[in-house]
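What follows is one structure encoded as structure tokens, with my remarks underneath.
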Amino acid sequence: MSLEILDWSVAQARVMPLREAVFVREQGVPAAIERDAFDPLSRHAALYGVDGEVVATGRLLPDGHIGRMAVAAAHRGAGLGGQVLLALMAEAVRLGMAEVCLNAQTHACAFYRRHGFVEDGEVFMEAGLPHISMRRSLAGA
């Protein structure tokens, strides 16, 4: 497997099939809100499987917000989401960011806690799914 951090001009064609599969088809997020104005401004992680297809992805916005974390159903539980998250945090450090934040689906909080994130606020609904804001300092990362 290999991982790249990409600009949207390259990432779009590679990561959108996975994002659409996970968010739109599996989770029922409206297709109209899956792509947004932040995509072209973000850095995108693409983790490729042995067949060259993207099996995990996520993005880092210019303000340090991590989002659109997705792993192909057949590859969940193998640590691929963690690889993407670590790569995005490393990119944030490279860009001089002091911390990162994200809006985690509540079922994924334990995953983010294992990577040093802490809850910051109350549960809220986003795209019809319960989320909570989480933060992590990058000091020493």
Scanning segment 38-64 residue by residue, those out of contact with any helix residue (DSSP H, G or I) (no Cβ under 7 Å at 6 or more places or on another chain), outside any helix (DSSP H, G or I) and open to solvent by 50 Å² or more (accessible area, probe 1.4 Å) turn out to be 38, 50, 51, 53, 63
In the set 91, 99, the lone residue that is acidic (Asp, Glu), within 24 Å of residue 5 (Cβ to Cβ) and surrounded by 15 or more Cβ atoms within 10 Å (Cβ to Cβ) is 91
Exactly one of 76, 35, 68 is open to solvent by 10 Å² or more (accessible area, probe 1.4 Å) and under 12 Å from the mean Cα position of the chain (by Cα), and that residue is 68
Considering segment 13-32, residues that are of a type in the set (Lys, Arg) and open to solvent by 40 Å² or more (accessible area, probe 1.4 Å), and then whichever is nearest to residue 133 (Cα to Cα), we arrive at 25
Within segment 22-48, residues being of a type in the set (Gly, Ala, Ser) and closer than 21 Å to residue 108 by Cβ number 4
The residue that is farthest from residue 54 (Cα to Cα), considering only those in segment 16-33 that are out of contact with any helix residue (DSSP H, G or I) (no Cβ under 8 Å at 6 or more places or on another chain) and outside any helix (DSSP H, G or I), is 28
Inside segment 102-128, the number of residues satisfying the requirement of being aliphatic (A, V, I, L, M) and open to solvent by 40 Å² or more (accessible area, probe 1.4 Å) is 5
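The values are calculated or read from the model by the stated rules, or taken from the named source; none is laboratory data. Quick caveat, the model's predicted, so the values are computed rather than measured. Positions of Cβ are backbone-derived with ideal geometry, glycine not excepted, and every protein chain shown enters the neighbour counts. SASA here: full protein model, heavy atoms, side chains in, ligands and nucleic acids out. Shrake-Rupley method; radii C 1.70, N 1.55, O 1.52, S 1.80 Å.
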